[in-house]
Structure formats: structure tokens, C-alpha cells
Amino acid sequence: MSGRSARLLRAVLVPVIVLVVWEVVSRTGAISAIIMPAPSRVVVRWWDYAASGEMLQDAAGSLYRVLGGFAIGAGLALPLGLLMGAKEWVNQLFDPLLQILRPIPPIAFIPLAILWFGLGNPPAFFLIALGAFFPVLVNTIAGVRHVDAIHLRAARNLGASEWTIFRRVILPSAMPYVLSGMRIGIGVAFIVVIVAEMTAVNQGLGYRILEAREYFWSDKIIAGMITIGIIGLVIDGVMGRISARLLRWHRGLEG
Amino acid sequence: MSAPPAIRVEGVRKVFATGGREVVALDGIDLEVAAGEFVCLLGPSGCGKSTLLNAVAGFSPPTAGRILAGGREVTSPGPDRAMVFQEYALFPWMTVAQNVAFGLEVKGRPAPEIRETVDSWLGKLNLLDFRDRFPKDLSGGMRQRVAIARVLAIDAPILLMDEPFGALDALTRRNLQEELLRIWAGSGKTVLFVTHGIEESIFLADRVVVMTYRPGAVKEVVPVTLPRPRDPSSSEFNALEKRVTALVMAEQARHERDERGAPAG
């Protein structure tokens, strides 16, 4: 057997065994279908969920909140991070407050968010923006500070003004950091949206799986979880693609 | 009547404070480089040759004394004194052509002119096939060609070169040395070239300025009158190399004694 097919076989072996055992155990009734519904039932339920159009609506709602909240959070963090990285006095102004707020998980803001913004999209946007804000901020500051001194000297030597240096040297050399901050940020945003929908929004994927629990539809819970997983994978893949495209010059420079 | 010197270094002293103690990197440096002259600064590491070059570039002002370039006192970096760094210092996010265009864009030149100048220099340095590549895809020798094209494109009257070929293999280095001489010849440009290569300095320079080890000062200025292209295997070249080697080795010995000696220096 060639190395490749052997590797493929090893890769699928454990998942297939798990699924088969799970199916058999559920079918024999050894475990209640409410605790662990058979995978075949989950697949059927997932298909129903998709075919009814409900999944598309939920996914669209969650995605809308993720992107909206992320745009707000990253949109505030990016300019602030650039300023804090470039100007020490701005850093001294904002750093203490941000250091106090940063360790508080965004989820801990849920009660306040509901008090401030009520229910629905506004508190979700707030929480997601908060979740995306810090990874983008911290990475942007690091990116600006890690600009190579030799590039600054070269630019100055070629007659570049401070503004040109900021725009054409500091900004692009901070880009790898900014983009990895955004990738982390959107991952956090996706976690926060599910929790926000479980508490403050009555729509979306997070709301749907919590709703299914009330009816003991464990097959639908798992179907919803699978959908969440797929969307998370797609978001991360898209972010990876955008990064790779913007950082063509960077590939292979670092691990 | 002779033209005013392109670079004039007057009584330059440079003191660095490191870890609570002071190190005199340069002391009492007086040097004149004529317009169109090719001068090498030669010495062991720690002799302050790069410090002097950085002071001329305007990156690091002298503690005392002053430096004039083109008759004006140097207070900051400027495109009249273009620098080529040993580490190339290309912008990795820009293509070869964008790197070479940078200095011209900064000057606000019109786009068609920039394109023409860039392509002309890329052509002269055999880089046209690489114009849209990123620096990471180029070898060290090619990168240094791009860095040279980048400073030549802005047409600076003074070129400052900080061990530009130090990281290259011997063949590539000889190639680039010859190319540099070819471009310099008849260009009227003044070159101040830092190196620790004795052979390199004699191959390139009109005058070799041998520097002393700590504090850095001018030990001796050796004129090289051999006609170009110079043959490093000729007896005249060898005689000169021997003489300069003796000067440098005396300083190298002081450097090594210092390294072995008391850690407090």
C-alpha cells in the first residue's frame, strides 16, 4: 500500500469506528436517544434543518452579528492600536484602562449589555465588538512596535516624511500582526455570538440549539453544533485566504 | 581652482554611553572627500568606521565637531547622501520595482518619469526580469543590486556604503565590486565605502583611510594610484596590500588584546 492511502486510511479509521460504535450503541437502546441520538438521526435532522430554510436564516443572523460586531470592534481597535504603538504618550493615556478591562471575558459583560442595550442585536453587537477589540488592539500595537529599525532608517535616508514612513513602512510591516489579530478576533467574535444568542437574542444558531434543548431535541442540538462548526471553519478559512493574499511578500519569511 | 570637498569631517568626536560607562567611538576625526572621489574606510570591527558613516548619513550626530556634505552641515538623514546597508534594508512588502521607485515617489516625481528611471536602473543592474518579484525570492547578491538601484535611482551625489558586500560570497562580491566601479566611473558621484576587506578597499578606492581601534581615529590615508581595472594578482597591488595589511593588523592586535583583557575594558 502506498504511503498516501495508508495515511488516508489511518485518518478516517478512528472517526469511522467512533461513528459505528455510536450508531450501534444508540440503536440498541443502551443509551437513551435524548442523551445521545444515533448519528444517522442527526444527519436526517440536519438535512431537515437545512431544507426547511431555518438553518440559512439562523446562520445568516449569526453571521450578520459576527461581521457587524467585528467591524465595530476591529474598526475601533485598529486606529487606536496604530496610535498607541506609534505614540508613547497615547499609549500612556490608554494603556492602564485597557489593562484593567482586558482580563474581563466579554461574556461577563452580558448582564450589563442587556441592561444598557436591552435584548436583540444591540447587546450582541456590543459584546462581539468587545470580544474582537482586544486581540486586534494588542496585535496592532505589537506590529507597530516590531517595525524593523533598518527599514525606518532606509526610508528616512531616501527622504521620506514621517507621514510617508507611517503609511508606507510602519503600516505594511505591522500588517502580519494586524491580520493575525483579526483572525483571532473573529474567532472570539464567533464564540461570543453563540453565547450572546443563548442569552440576549432570540434568533441565530446559538438561540436555536438552546431552544432545541427545551424540547429535548438532542439530534437538533448536535445538528446545530455541526452547522456552527462548519461556519467557524469557513470563516477561519476565508480569513486565512485574505491574509495569504495580502501577505504574499511575507510567506516563507517566518514560520 | 579646486572644487569644494563633497564631504568634510571636522574634529568629529563620538561618545556612546553604554551601561553607565562611556565609550569613545570616534576621536579627533578630520577627513575631506573630494567630489567624485571613491574613499574606503578600513579597519577592524570596533574602530568606529560604521559610526563615522552613520554620522555622515545623519542618523547619529557627532558628540563634538561637525560634518559638512555639499557645503551644508549635516543635521539629519537626507536623499543627497544615499545609503546602502549591509543588510540590504529592502522593503519586503514591495516588489523590486516598487523598492526602486520608493525614493522617487517620495520626491513627488511624475509616474511616467518614475517608471522610466526605475526600468533604466533595473536594466543597468540586470534586474529587469525580476522587477515584479518580492525581495524574499532573490539571492543576497540580487537583493544588494536592488538596494544599489534604489539609491542610484534618486541620483544622490554622495553614496554611503556600509559593508555592502560583506555578506556575499566571493564571486558575487567581485561581480558587484566591478559593477559598482563601472557605474561610478564618470558618474561624478562621491563614494564613502566602509569595509574590513583589505583587498576590497585597494580594489575599489582612490584612497584608503585606515582607522585605529578605539577610539577610532585616522591612522593613515593610503592613496591607491593603480589604474583601473585593477589586477589583485599584480605585484603593485600585492605590495600595497602588504603595506595596508601591516597597518590594519596592528590595530587588529589591539582589538584582540582588548577582547581578551579585563571585561571592564
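The values are calculated or read from the model by the stated rules, or taken from the named source; none is laboratory data. Only a predicted model underlies this, so the values are computations on that prediction, with no experimental measurement involved. Cβ coordinates were reconstructed from backbone atoms using ideal geometry, including for glycine residues, and neighbour counts include every protein chain displayed. The accessibility values were calculated without ligands, DNA or RNA, using every heavy atom of the protein model including side chains. Shrake-Rupley method; radii C 1.70, N 1.55, O 1.52, S 1.80 Å.
Values computed for the structure shown
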quantity	calculated
Difference of contour (0.36 nm per residue) and Cα-Cα distance, residue A:248 to residue A:233	3.2 nm
Interchain or long-range residues, amide H under 5 Å from residue B:161's placed H	B:84, B:192, B:193, B:194
Peptide A:148-154, shielding by other chains (average Cβ, 10 Å cutoff)	6
³J(HN,Hα), Karplus 6.51/-1.76/1.60, whole Hz, each residue of segment A:216-228, x for Gly, Pro	6, 8, 5, 4, 6, 4, 5, 4, x, 4, 4, 4, 4
Segment A:1-75-segment B:1-63 distance, computed between alpha-carbon centres (Å)	69 Å
Helical mean residue ellipticity (222 nm; -39500 (n - 2.57) per DSSP H run of 4+; nearest 500) of chain A	-26500 deg cm²/dmol
Mean Cα-pair separation over length for chain A, i.e. relative contact order, pairs under 8 Å, 6 or more apart, %	25 percent
Where labels lie 7 Å past Cα in the beta-carbon direction, separation of residue B:221 and residue A:100 in nm	6.4 nm
Buried accessible area, chains A and B (both chains, 1.4 Å probe, Å² to nearest 100)	2100 Å²
Rg ratio (alpha-carbon, reference 2.2 N^0.38 Å) - segment B:92-155	0.99
Table column - 3J(HN,Hα) (Hz), segment B:74-90, Karplus curve with 6.51, -1.76, 1.60, x for Gly and Pro	7, 10, 7, x, x, x, 7, 10, 7, 10, 10, 9, 4, 8, 6, 6, 6
Three-way shape call for chain A based on the alpha-carbon gyration tensor, with the a/c threshold at 1.5	oblate
Sorted peptide list for B:163-173, A:96-106, criterion being average Cβ within 10 angstrom, highest first	B:163-173, A:96-106
Protection proxy ranking of B:121-132, B:42-53 - average other beta-carbon atoms within 10 Å, highest first	B:42-53, B:121-132
Karplus (6.51, -1.76, 1.60) ³J(HN,Hα), θ = phi - 60°, over segment A:35-49, in Hz, Gly and Pro reported as x	6, 9, x, 4, x, 4, 5, 5, 5, 4, 5, 4, 5, 4, 4
Whole-percent pair-distance distribution, where bins are 5 Å wide, for the alpha carbons of segment B:14-129	2, 9, 15, 18, 16, 14, 12, 8, 5, 2, 0
Solvent exposure of segment B:92-155 as accessible area per residue, Å², 1.4 Å probe	42 Å²
Two-decimal Rg/Rh across the protein assembly as shown, once Rg and the Kirkwood Rh are taken from alpha-carbon atoms	1.15
Average beta carbon contacts from partner chains per residue of B:49-62, 10 Å cutoff	1
Exercise: per-residue mean of other protein chain Cβ atoms within 10 Å, A:156-169	6
In degrees, nearest ten, helix A:54-86 long axis to first principal axis of chain A (Cα)	20 degrees
Listed pairs B:124/B:189; B:14/B:189; B:14/B:219 exceeding 23 Å between Cα atoms	B:14/B:189
Cross-link reach list, aspartates and glutamates versus residue B:136, counting only Cα pairs under 16 Å and skipping chain neighbours closer than eight places	A:148, A:254, B:87
Accessible area of residue A:220 in the full protein assembly, 1.4 Å probe (Å², nearest 10)	20 Å²
For peptides A:154-167, A:178-191, sequence by mean Cβ density within 10 Å, most packed first	A:178-191, A:154-167
Antiparallel bridges, percent of DSSP beta bridges restricted to chain B (to nearest 5)	50 percent
Convex hull projection area averaged over all views, segment A:55-124, Cα basis, nm²	5.8 nm²
